[in-house]
Structures are given as C-alpha cells and as structure tokens.
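Working notes, structure below.
Nothing in this text is a laboratory measurement; each read-out follows from the coordinates by a stated rule. Please read these numbers as outputs of a predicted model, since none were measured by experiment. For neighbour counting, all protein chains shown are included, and Cβ atoms are generated from backbone atoms with ideal geometry for every residue, glycine included.
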Amino acid sequence: MQAHVAALEVLLAQLHIPRVRLVGHSMGGGIAIMLAARRPELVNRLVLTAISLFRNDAERTFFRAITEVSGALMHLRAPWMADLEMLRRQFAGRFFFRVPDDAELLRTGFLDYLQMDRDTAVASARSAADPAINAAARQVRAPTLLIAARQDQIMPPANVPFTQASIPGCQVRWFEECGHFPMVEKPHEYATIVRDFLREIPEYSMANDTMTR
C-alpha cells in the first residue's frame, strides 16, 4: 500500500499538479486515505467509494484467511473460462446487486481476473488489512465523502459507521440495491453525488484543480 501511495506522489510531482480532489474506489480508497494523511497539502477534497475499515484484529485475521483461500483458488484459473457465460455471471454476482446485461463488460472484467498475476493480486489484497490505513484515516483533514452500498459483498456495509467515525467530519451517502460498483450500477446518481460534493468548494475551478481517480 505504501508503494502505491509513493507512486501517486511521484506521479503528481511529475505532472506538476500541486493539489487534487482525490477519488478512490475500494483499495484505491485506502491509497487515497493514506495520501491525504501523509500529504495533506496535496488533497483538498476526498471521495471514497466502497471502502470500509476493519474494526479489530479479529476481522483482519478473518480477511487474511479468506485472502489465502482465494489466492489458492487462483491456481485453478484458465483464460478460456471467460467464454463461459455461467462462470462470468457467477463471478460478477459478487460485485453487483443486479448483474449488468452487458456481455462484453462481464467478459472483460472476468478475463482481467483470470489473467492477473496471482502474487500481485494476493499481496494487494493483503494490504487492505494494513492497520496503517486506520491510523491514516484519523489524520485526514480534507473534507471527505464516503459512498457506500447496502448490498456490497466485498466491503462490509456493517463497518461503514466505524469508517465514518474514523475520518474527521466524514459524510456518508448510501446507495440502495447496489453492490461494490455503484458507478456502474447507478452511474447517473453516482456522478451527481460526486459532482455536488466537489461543487461545495467555493473556489472550485476546473482550471486550477484536478480530480484524480
């Protein structure tokens, strides 16, 4: 996780971007939290989507166990599986409340999973349980919006109140009948909520500000 944060810092420096509105989804939300805490002068608004913090070590231990099992199952993957509609929809069912009727979207998403490097995937998943994310959340000073979905099977909705309480002044907007990807299942509602939150800044200017995702 720290490596991702450092890479984002370098990218912003190389692009000569002094300040951003940062939008992070799932693990990207953890990266956004850590950057906002580590470099508060860089982040003036923070939008977090589908992320909830672990409340205790027991939850982290359980998550790590699930990660190891999932990592072991990745040895059984094969690219041809992406051509099986039943498997595509079964995989997508973990991420959506209503699986989209977009065969190409489902195939592309499933194929990405089938072809991703196993060790990298497992290492990234493990980093989601890093207690440093919780510590960073308490240090965030940028106005923060947390967008959560009631039917998210990846990031538990039950942990959202804890996450909100961990980030000073954090606002929460809930999506009903929605899974881990609200920007896919309810794109117009999602875009409106994010846009309205960003426009709360009086000095908002597309010319002088950049949104990073």
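Tabulated data for the structure shown
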item: Failed item in (1) within 22 Å of E177 (Cα to Cα); (2) more than 17 Å from the chain's Cα centre (by Cα), with A92 passing the rest; result: (2)
item: Identity of the residue in segment 141-186, surrounded by fewer than 15 Cβ atoms within 10 Å (Cβ to Cβ) and acidic (D, E), that ends up farthest from G93 (Cα to Cα); result: E176
item: Residue within segment 116-130 that is closer than 24 Å to V43 by Cβ, more than 17 Å from the chain's Cα centre (by Cα) and of a type in the set (A, V, I, L, M) present; result: no
item: Any hit, segment 70-90, residues being within 26 Å of N159 (Cα to Cα), surrounded by fewer than 19 Cβ atoms within 10 Å (Cβ to Cβ) and free of Cβ contacts under 8 Å to residues at least 24 places away in the same chain; result: yes
